[in-house]
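To keep things clear, I will list the structure first and then write my remarks on it.
The values are calculated or read from the model by the stated rules, or taken from the named source; none is laboratory data. Computed from a predicted model, the values in this text were never measured in an experiment. Cβ coordinates were reconstructed from backbone atoms using ideal geometry, including for glycine residues, and neighbour counts include every protein chain displayed.
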Amino acid sequence: MTDSTPVPASPTFPPEQLFSETGPVPPDETRFAHLPSVYHITTWKAGSTWVQGVLTEIAPDRVLVPEPAVADGIEFSDVVPGRIYTPLYINRPRFDASPFAAVPHRKFVVLRDLRDTLVSWYFSLAKTHGENPEVLMHRHELRKMSKEDGLLYLLNHPHFYGLSMIGSTWLRSTDAIVIRFESLIENPHRWFRLILDECGIEAAEDQFADALNRQSFEALAKRPRGTEGVSHYRRGVAGDWKGHFSDRIAREFARRYDDLVVKSGYEPTLGRHGVFHST
């Protein structure tokens, strides 16, 4: 599902010609104008903090973390030329209508198995995510439910449908690198190097290796990948959902989302003869 076709070089223009909807761009925001803007597009629970951390290690002066409403595509803002926007939780139609699409840019998309996303989102909302009105609303509901009912509640929630729309609208894009989160954690050197090269982000090999080491799963989660925990990083392995789905959840998920899951390159939720096999 990855597209490694080289992206054409982006045009550049001198700082004195840079304008936003509100007037000239301040001089201190034009120092990277000779470079394309870079957009890290993703979904919740797909390693956005990790990817952001690697990019910040490599190009700290270029990284710009958008305000939540901008990152979610709810509001638009002027684009600072040449900066690396990480993360953006935005579907393709909304992106195309935004100022992000109107400037020279490169973009990459990180997508995760929706079933692992659902499980990780459940634990985040139920236990670990910092409090805000939306989290508190979900947490209040989840505390009244069993894990099975809680997962079904989130599975059928409009917020999860909106999350799925991010992946479904970017999946077949030919003007962006589309990478599975599972591939990224399995071989970060390969895929991060592809991201850097295709997006025009320079990094010497020793700087690149140091960034990956400091931002490794083990360093961030404080435990080996594959062991249990309740942090945002949880187990960090593909297929973790099988240990949390019940037959009831599996059937409902398959009914609603298996077409997208299979198109994304993942195995069906139900095995042969429509039977769910848990781990």
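Structure data summary
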quantity	calculated
Residue within region 118-134 that is on the phi < 0 side of the Ramachandran plot, in the same structural domain as ALA203 (by TED's automatic domain parsing), surrounded by 22 or more Cβ atoms within 10 Å (Cβ to Cβ) and of a type outside the set (Val, Ile, Thr) present	no
Extreme residue, farthest from TRP191 (Cα to Cα), among residues of region 100-145 that are modelled with pLDDT of 95 or more and of a type in the set (Asp, Glu)	ASP116
Residue match in region 14-24 (condition: β-branched (Val, Ile, Thr), over 22 Å from ASP175 (Cα atoms) and modelled with pLDDT of 95 or more)	no
Cβ-Cβ under 6 Å pairs, at least 6 apart or on other chains, region 39-61 side on the phi < 0 side of the Ramachandran plot and in contact (Cβ under 8 Å) with a residue 12 or more places away in the chain, far side among the aromatic types (Phe, Trp, Tyr) and in a strand (DSSP E or B)	TYR39/TYR85
Residue that is without any contact (Cβ under 8 Å) to a residue 24 or more places away in the chain and assigned to a helix (DSSP H, G or I), where the choices are ARG115, ARG139	ARG139
